[in-house]
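Quick notes on the structure that follows.
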Amino acid sequence: MLSRVADSLYWMNRYLERAEHIARLIAVKLETTVEQSREDAEAAWARVVAALSAEHHMTESADAMSVTHRLAFDWHNDSSMLASLGFARDNARQVRDQLTIEVWENLNRLFLKLRPLADDKSWLRNPPRLFRETLQALHALEGVTNSTLSHGEGWYFLELGRHIERAQLVCRLLDVHFGTARSAIAAEPTYFDWLVLLKSCSAFEPYCTVYTATIRPEKIAEFLLFDREFPHSVRYSVDRIGDALARVAPGAPPTRRAAVERLAGRLKATADFTQIDELMSGSIARFLAGIAAQCEQIHEAVYAAYITYGAETVL
Amino acid sequence: MSSAVKLTRVDPAEPGHTPYTNYRLGAAYDEMFASAGAVRMHYAGLAQSLADLPGDELVRRQQACETSFLHQGITFTVYSDKQATERIIPTDLLPRIVTAGEWDRIEAGLKQRIRALNHFLHDIYTDGRVLKDGLIPRSMIYGSKHYRREMRGLPVPHDAYVNVCGTDLVRREDGAFVVLEDNLRVPSGVSYMLANRDVVRRAFPDLFRAQAVRPIDHYPRELLATLKALTPVRDDVSIAVLTPGVFNSAYFEHAFLARQMGVELVEGRDLLVNDNVVYARTTSGLKRIDVIYRRIDDDFIDPLIFRDDSALGVSGLFNAYRAGNVVIANALDTGVADDKAVYAYVPRLIRYYLSEEPILENVETFLCREPKSLGHVLANLDKVVVKAVGESGGYGMLVGPHASKAEREAFAEKLKADPENYIAQPTIQLSTAPTVADGGIEPRHVDLRPFILHGEQTVIVPGALTRVALKRGSLVVNSSQGGGSKDTWVLSN
């Protein structure tokens with residue numbers, strides 16, 4: 001596979017994962033905000049903003065809808081949902097010949113539907129529905145990707161992009177509730193906020209089947225970090241990253257593969273051999289930062305080994 | 001030819017409710033109507049289908065067709081005010097129909113023409129027999145900015161310099177198809193030929209079946225076979241389509257052809273040359289490339305040899321080509337033969353190389369380098385179209401009837417200063433074909449661009465891109481100036 005193609009596929013899914021994460025955080029927030037007191041609702045918005053590292057986009061007077069607009073539809077904010085979708089589409093367009101017509105059309109149609117919302121306010125008519133529909137469309141796109149594309153090297157680059165991004169986003173979200181970013185928010189999380197956290201990872205029902213409806217923060221952390229089977233847990237993503245790295249660049253010489261595989265092995269060991277009890281006694285912030293940093297190192301190693309390597313090193 | 005066409009009479013059942021209310025026949029040949037109300041035989045099926053459609057159904061289908069193009073991303077990007085907007089090239093729903101007899105003649109004429117043009121290219125890059133014999137002035141060839149000294153004496157596979165050609169034909173007032181332009185460099189539009197077929201077949205499924213339209217879907221397969229036959233490599237031939245990238249207006253087509261052929265789509269930055277061998281950078285290491293179907297102009301293909309400000313090309317590609325380690329299609333020198341001055345000589349070239357009479361005529365052309373012609377052109381500037389010989393895409397031209405007096409006078413000075421650089425042609429009334437306009441059907445001017453594949457064999461898929469000038473009365477079919485396109489149906493009997 002062309003290195004440039006691998007690069008585009010990888011980023012296409014990183015951006016799609018980012019767009020999906022933003023859509024879900026906002027959808028869950030909009031659906032639950034009506035049941036909260038004003039103070040709690042403000043703290044909850046602050047958590048959403050912090051989870052998306054978007055504090056600098058916020059102003060004192062911002063109301064819920066203008067915050068939503070900034071996070072979702074601000075075309076000039078490179079980390080908005082719409083901009084992420086735009087970048088995903090730009091990348092898909094670069095590798096249009098590698099995607100099936102179904103994948104491209106699903107992505108293109110969603111983008112063309114949402115793009116006008118940067119400039120018109122029609123989405124205000126029913127925001128929760130719009131974000132639900134966007135999530136559904138993104139899920140459909142993922143399904144179509146899995147069921148129409150061959151699961152060859154390109155598909156594994158998509159997987160790699162999705163799960164490197166997802167692991168980092170979930171780590172950041174957990175940090176807002178358990179780690180260093182928590183102190184920046186005035187109010188302590190309530191029972192209600194823990195529910196929101198689970199729903200923000202599509203995790204409420206899967207959590208209940210494992211731990212019942214007993215909501216305990218350390219159980220939530222354990223589930224979102226270490227569950228083997230739940231697709232939005234950090235450990236699940238770590239396993240998928242490992243699978244993907246075993247399958248990409250099949251013809252690359254062992255010396256180039258070694259650097260990547262060593263990092264993947266270390267990340268897997270970190271996820272496999274850490275206990276939630278140790279983390280809850282104070283080290284969780286460092287742990288989350290460590291996982292995110294290891295994902296970043298894997299990203300760099302993949303680029304050095306397979307994408308941006310110098311031609312002189314292989315001739 | 002038109003006298004052989006049988007007519008069926010369609011009388012609008014209810015005057016005032018016919019979609020043809022605004023169908024005014026002009027001086028041009030009309031593809032559908034021989035005269036007011038008299039439909040040509042091969043359009044009778046379409047006429048009936050349209051008559052059977054409920055009132056707003058035509059418009060509804062036209063919109064469905066446009067939405068389909070937008071979703072598929074068959075768009076080009078227009079840059080203005082920092083905002084990049086994507087537009088579709090409008091496809092008109094009504095097919096343009098070509099009879100089997102007309103097609104046979106076109107096909108034979110195009111095959112003859114591409115053979116002669118390839119002979120000509122081979123000749124001027126080797127012995128120059130045609131120049132020694134004085135058929136064509138030396139200065140016209142050696143002075144052309146598209147003549148590449150670097151190519152002299154370089155063998156090309158099967159002596160086929162032009163492997164993909166998109167020739168523009170127009171139909172004159174008398175009904176004869178004549179050649180307007182040979183596009184021998186990087187002709188585009190074939191993806192529209194195929195995409196148009198897809199949507200129009202869906203819009204008129206019954207008519208399509210009933211008409212016995214010849215299929216065109218095998219074009220990518222034929223293109224692949226043509227490219228494969230250009231290299232002596234037999235096992236595991238590695239072919240790539242070289243595109244300028246996603247910002248090129250034909251990018252959709254490049255990606256489409258790569259996908260349909262199952263070959264790699266590469267950009268200049270994916271390729272590198274080492275020891276005169278071309279490689280693509282892949283995740284697993286470097287992969288050798290044997291054949292490049294290039295969709296980049298000569299000038300940009302290798303910054304070491306041609307334009308050194310090109311970021312699109314590949315350094316060292318030309319040396320790899322000269323060393324015979326990679327095939328580039330079309331070859332890097334074909335522009336000299338679609339020069340508008342050479343065009344005027346093509347009928348003579350056909351007689352010279354093939355000892356045959358040209359099957360397809362040229363549009364009457366005045367070479368301004370000949371004093372008699374220059375005098376005629378200057379005296380008739382308000383009636384002719386003047387074109388600069390080395391340009392394409394509508395640049396450097398004067399459309400006499402539409403120009404102001406001042407524009408004509410200014411152009412006359414340019415002409416007198418550098419007559420060798422110009423040719424002139426009478427304004428031709430391109431034929432008109434029924435086209436959806438304002439909810440009804442009106443005649444619009446069209447041309448015809450079939451695609452010719454030439455290598456070991458010469459293959460023409462029975463179809464073409466029909467470009468249509470969507471503005472009433474306009475003769476300009478270019479997509480950049482309000483042109484659209486139509487599906488082209490070649491009938492099998």
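Some notes on this structure:
- Where a residue in the range B:122-134 is within 14 Å of B:A337 (Cα to Cα) and its partner, wherever it lies, is among the charged types (D, E, K, R) and buried (at least 17 other Cβ atoms within 10 Å of the Cβ), with Cβ under 6 Å and at least six apart: B:V130/B:D123
- Residue check, B:V200 away from chain A (no Cβ under 11 Å), under 30 Å from A:N108 (Cα atoms), of a type in the set (V, I, T) and touching a residue at least 60 places away in the same chain (Cβ under 8 Å): yes
- Qualifying position, being buried (at least 21 other Cβ atoms within 10 Å of the Cβ), in contact with a His (Cβ under 9 Å, 6 or more places away or on another chain) and closer than 20 Å to A:Y15 by Cβ, among A:L169, A:L112: A:L169
- Within the range B:237-263, tally of residues that are at the interface with another protein chain (Cβ under 9 Å from one of its Cβ atoms), assigned to a helix (DSSP H, G or I) and crowded, with 20+ Cβ neighbours inside 10 Å: 7
- Candidate set: the range B:126-149, residues that are modelled with pLDDT under 95 and crowded, with 18+ Cβ neighbours inside 10 Å; chosen: the one nearest to B:V490 (Cα to Cα): B:H146
- Applying the condition of being over 25 Å from A:L224 (Cβ atoms) and without any contact (Cβ under 8 Å) to a residue 40 or more places away in the chain to the range A:254-292 and asking which residue is farthest from the other protein chains (Cβ to nearest Cβ) yields A:R262.
- In the range B:440-493, residue farthest from the chain's Cα centre (by Cα) [restricted to those that are among the small types (G, A, S) and in a strand (DSSP E or B)]: B:G440
- Of all the listed residues (A:T145, A:T134), the sole one being within 23 Å of A:H69 (Cα to Cα), away from chain B (no Cβ under 14 Å), assigned to a helix (DSSP H, G or I) and among the hydroxyl-bearing types (S, T, Y) is A:T134.
- Residue within the range B:328-348 that is within 14 Å of another protein chain (Cβ to nearest Cβ) and touching a residue at least 12 places away in the same chain (Cβ under 8 Å) present: no
- Failed condition for A:L315, given (1) surrounded by fewer than 13 Cβ atoms within 10 Å (Cβ to Cβ); (2) within 14 Å of chain B (Cβ to nearest Cβ); (3) assigned to a helix (DSSP H, G or I): (3)
- Between B:V246, B:V199, B:V164, B:V241, the distinction of being touching a Cys at 6+ places or on another chain (Cβ under 7 Å) and within 26 Å of B:G73 (Cβ to Cβ) belongs to B:V199 only.
- Tally, over the range B:111-129, of residues that are assigned to a helix (DSSP H, G or I) and either farther than 16 Å from B:T334 by Cβ or in contact with a Lys or Arg (Cβ under 7 Å, 6 or more places away or on another chain) (or both): 4
- Residue that is nearest to A:H76 (Cα to Cα), among those in the range A:126-145 that are in contact (Cβ under 8 Å) with a residue 24 or more places away in the chain and more than 18 Å from the chain's Cα centre (by Cα): A:P127
- For B:A229, the stated conditions do not hold, so it cannot be described as buried (at least 20 other Cβ atoms within 10 Å of the Cβ), among the aliphatic types (A, V, I, L, M) and either outside the structural domain of B:A464 (by TED's automatic domain parsing) or within 18 Å of B:F451 (Cβ to Cβ) (or both).
- Residue selected from the range B:264-306 under the condition surrounded by fewer than 22 Cβ atoms within 10 Å (Cβ to Cβ), of a type in the set (D, E) and part of a loop (DSSP other than H, G, I, E, B), by the criterion nearest to the other protein chains (Cβ to nearest Cβ): B:D275
Matching residues to (1) polar (S, T, N, Q); (2) modelled with pLDDT under 90; (3) in contact with a Lys or Arg (Cβ under 9 Å, 6 or more places away or on another chain):
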site	(1), (2), (3)
B:T18	yes, yes, no
B:E31	no, no, yes
B:D52	no, yes, no
B:D81	no, yes, no
B:A84	no, yes, no
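- Scan of the range A:100-125 for residues that are over 18 Å from the mean Cα position of the chain (by Cα), within 26 Å of B:V241 (Cα to Cα), more than 9 Å from every other protein chain (Cβ to nearest Cβ) and not hydroxyl-bearing (S, T, Y), ordered by number: A:E102, A:V103, A:N106
Conditions (1) touching a helix residue (DSSP H, G or I) at 6+ places or on another chain (Cβ under 8 Å); (2) among the aliphatic types (A, V, I, L, M); (3) farther than 30 Å from B:Q260 by Cβ, marked per residue:
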position	(1), (2), (3)
A:D63	no, no, yes
A:S66	no, no, yes
A:A92	yes, yes, no
A:A118	yes, yes, yes
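- Filter result for A:R38 (buried (at least 23 other Cβ atoms within 10 Å of the Cβ) and more than 14 Å from chain B (Cβ to nearest Cβ)): no
- Filter pass, B:A424 being hydrophobic (A, V, I, L, M, F, W, C), without any contact (Cβ under 8 Å) to a residue 60 or more places away in the chain and crowded, with 24+ Cβ neighbours inside 10 Å: yes
Yes/no matrix, rows are residues, columns are (1) at pLDDT 95 or above; (2) crowded, with 19+ Cβ neighbours inside 10 Å; (3) aliphatic (A, V, I, L, M):
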site	(1), (2), (3)
A:F226	yes, yes, no
A:P253	no, no, no
A:A264	yes, yes, yes
A:Q275	no, no, no
A:I298	yes, yes, yes
A:V302	yes, yes, yes
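- Filter result for B:A64 (touching a helix residue (DSSP H, G or I) at 6+ places or on another chain (Cβ under 9 Å), surrounded by fewer than 17 Cβ atoms within 10 Å (Cβ to Cβ), closer than 30 Å to B:P19 by Cα and not acidic (D, E)): yes
- Scanning the range A:180-198 for residues that are under 14 Å from A:I220 (Cα atoms) and outside any helix (DSSP H, G or I) gives A:P189, A:T190.
The values are calculated or read from the model by the stated rules, or taken from the named source; none is laboratory data. Nothing here was measured: the structure is a model prediction, and the numbers come from that model. So basically every Cβ, Gly included, is an ideal-geometry build from the backbone, and we count neighbours across all protein chains shown.
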